[in-house]
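Written out below as structure tokens is the structure these notes cover.
The values are calculated or read from the model by the stated rules, or taken from the named source; none is laboratory data. Since the structure is predicted, the reported quantities are computational estimates derived from the model, not experimental observations. Here the Cβ is made from the backbone with ideal geometry for all residues, glycine too, and neighbour counts use every protein chain on show. Please note that ligands, DNA and RNA were not included when accessible areas were found on the heavy atoms of the full protein model with its side chains. Shrake-Rupley method; radii C 1.70, N 1.55, O 1.52, S 1.80 Å.
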Amino acid sequence: VRIGRGLLRRARLPADAPVLTDAGVAATPFYRRLRRILRGPALVLSAGERSKSLRSAERLYRWLAHRRVERGDTLVAVGGGMITDLGGFVAATYLRGIPLVLVPTTLLAQVDAAVGGKTGVNLPEGKNLVGTFTPPRHVWIDPESLATLPPRQLRGGMAEVIKGAVIADAALFGLLERRAPAILRRDPVLLERVIGRSVGIKAAVVARDEREAGPRALLNYGHTIGHALEAAGGYRRLTHGEAVAIGMEAEARLAVRLGLLAPAAAERQGALLEAFGLPRRARGLDRPAVWARLLADKKVRAGTIRFALPDRIGHARFPVTPPLDLLKRALDHVLR
Ligand SMILES: NC(=O)c1ccc[n+]([C@@H]2O[C@H](COP(=O)([O-])OP(=O)(O)OC[C@H]3O[C@@H](n4cnc5c(N)ncnc54)[C@H](O)[C@@H]3O)[C@@H](O)[C@H]2O)c1
Ligand SMILES: [Zn+2]
């Protein structure tokens with residue numbers, strides 16, 4: 001993974017390689033600049049999660065086949081997590097695998113989706129039900145690409161950055177506390193540092209556990225409750241990042257109730273979420289619906305739910321199995 005401002009102007013990218021992107025990305029000045037370096041044919045899909053499908057995968061396979069793309073040829077995927085997941089899946093399976101270069105252009109894709117080797121597409125029955133663990137050859141991250149990202153998208157990516165800081169990097173947490181306004185103004189020097197640290201956290205956790213047997217579960221902090229909130233809202237009320245922010249608020253509260261985390265640490269996390277314009281409470285969600293989603297979570301084993309919870313800022317443990325009544329109270333805390 002390489003990170004740097006203007007990096008792509010200097011990068012040795014495969015100039016004739018086929019490019020996958022979406023219409024939202026294709027409209028940005030960053031993409032137009034990139035196309036001066038990447039001159040190969042481009043397939044531009046409609047933007048949005050609905051394009052992360054087997055239909056799009058088939059379209060891309062056939063597009064590659066028509067262009068006689070061979071085993072040694074590289075695919076370049078330029079975009080957010082939708083494009084990096086889909087491009088990753090197709091590169092992992094077309095001709096049993098061709099090299100892939102990712103150029104993530106959303107903060108979420110830069111710090112999360114493009115790092116760690118998970119690829120996938122959605123089925124009507126659920127998200128990410130088909131996929132592989134296949135790392136890309138290279139990931140090129142240029143923070144300048146974020147200049148055009150909508151603010152809600154930027155804040156959503158920050159939820160994952162804050163998550164990483166809470167579970168693994170107290171120094172990053174301090175930097176975020178001190179520099180929130182400048183980061184939100186997209187100060188490129190700061191963005192580069194923040195992205196670099198976040199990628200480092202995820203890469204280190206994944207390196208210990210590529211196939212999700214143990215340590216990788218730490219990355220689920222905020223997500224166990226967050227996913228339930230996101231699903232109960234029909235994936236429309238809350239963005240993924242907003243749901244994770246509220247999930248972290250609830251799970252930190254849970255850690256406090258269990259005597260794992262100091263109340264002051266939970267409060268610091270809450271203040272940091274607010275500093276980045278992220279919510280700490282969910283309004284208008286149906287409590288029984290959230291509870292039902294939580295119990296349906298794949299991390300439920302034998303009637304208990306296994307959480308990754310912080311025990312201080314910069315450190316977390318897994319698994320923690322709280323009694324269900326404490327979990328209910330943590331949920332009440334964010335649903336009021
Ligand atoms: N593989 C993993 O480990 C992993 C981890 C987290 C998330 N994901 C996946 O990532 C996806 C979400 O990714 P996302 O939030 O990046 O969404 P996205 O890829 O759908 O992008 C969001 C929107 O932003 C636009 N966009 C992208 N870059 C832009 C830029 N620089 N300027 C302006 N607009 C831009 C896109 O056109 C799109 O409309 C989900 O499918 C999720 O499952 C995967
Ligand atoms: Zn997430």
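Please give the residues of the stretch 160-198, grouped as numeric ranges, whose backbone N is less than 14 Å from a label point set 7 Å along the Cα-to-Cβ vector of A147.
186-189
Let me know the shape class of the stretch 245-333, please: from the alpha-carbon gyration tensor, a ≥ b ≥ c as square roots of the eigenvalues, rounded when a/c is under 1.5, otherwise prolate if a/b is greater than b/c, or oblate. Present the calculation step by step, with values, prior to reporting the outcome.
Details: a/c = 1.99, a/b = 1.19, b/c = 1.67.
Oblate shape, in that a/c is at least 1.5 and b/c is the bigger or equal ratio.
Which FRET efficiency value, to the nearest 0.05, do you get for Y235 and L324 by plugging their Cβ-Cβ distance into 1/(1 + (r/R0)^6) with R0 = 30 Å? Working shown, then result.
Working: r = 25 Å, r/R0 = 0.85.
In this case the efficiency is close to 0.75.
In terms of the Cα gyration tensor, with a ≥ b ≥ c the square roots of its eigenvalues, is the stretch 249-298 rounded because a/c is under 1.5, prolate because a/b exceeds b/c, or oblate?
oblate
Count the lysine pairs in the chain whose Cα atoms sit under 16 Å apart, keeping only pairs 8 or more residues apart in sequence or on different chains.
Pairs that pass both the separation and distance tests number 7.
Calculated FRET efficiency, D187 and R96, Cβ-Cβ r, R0 45 Å, to nearest 0.05? If you can, show how the numbers build up before the last one.
On the way: r = 44 Å, r/R0 = 0.97.
For R0 = 45 Å, the calculated efficiency reads 0.55.
Quote to one decimal, in nm, the extra length available between A170 and T304 on full extension: 0.36 nm per residue of separation minus the C-alpha distance between them.
Here the answer is 45.3 nm.
With every protein chain present, what accessible area does E125 have (1.4 Å probe, heavy atoms only), rounded to the nearest 10 Å²?
Number for this one is 150 Å².
If you take the beta carbon distance between R39 and R178 as r and set R0 to 41 Å, what does 1/(1 + (r/R0)^6) give as a FRET efficiency, to the nearest 0.05?
FRET efficiency, R39 to R178: 0.45.
Could you calculate the contour length gain from R336 to R283, that is, 0.36 nm times the residue separation minus the distance between their Cα atoms, to one decimal place in nm?
Working: separation 53, 0.36 × 53 = 19.08 nm, distance 0.71 nm.
That pair, R336 and R283, stretches by 18.4 nm at full extension.
Residues of the chain: accessible area per residue at 1.4 Å, in Å²?
45
Could you list which residues have their amide H under 5 Å from that of R317, counting only those 5 or more apart in sequence or on another chain, with H placed in the peptide plane?
L309, D311
Counting other Cβ atoms within 10 Å of each Cβ, which trypsin sites (Lys or Arg not before Pro) in the stretch 99-143 have at most 15 and sit in a DSSP loop?
R137
What distance in nm lies between label points placed 7 Å from Cα along the C-beta direction at E58 and L129?
That separation, rounded to one decimal, is 1.6 nm.
Just the number, please: carbon plus sulfur as a percent of the accessible area of the stretch 61-106, 1.4 Å probe, no ligands or DNA/RNA counted.
The computed percentage sits at 45.
Can you give the Kirkwood hydrodynamic radius of the stretch 140-292 from its Cα pairs, in Å with one decimal? Could you put the intermediate results ahead of the total?
Values: mean 1/r = 0.0622 Å⁻¹.
Taking every pair of different Cα atoms in the stretch 140-292, averaging 1/r and inverting gives 16.1 Å.
So for T224, T304, what's the accessible-area order with a 1.4 Å probe, most first?
T304, T224
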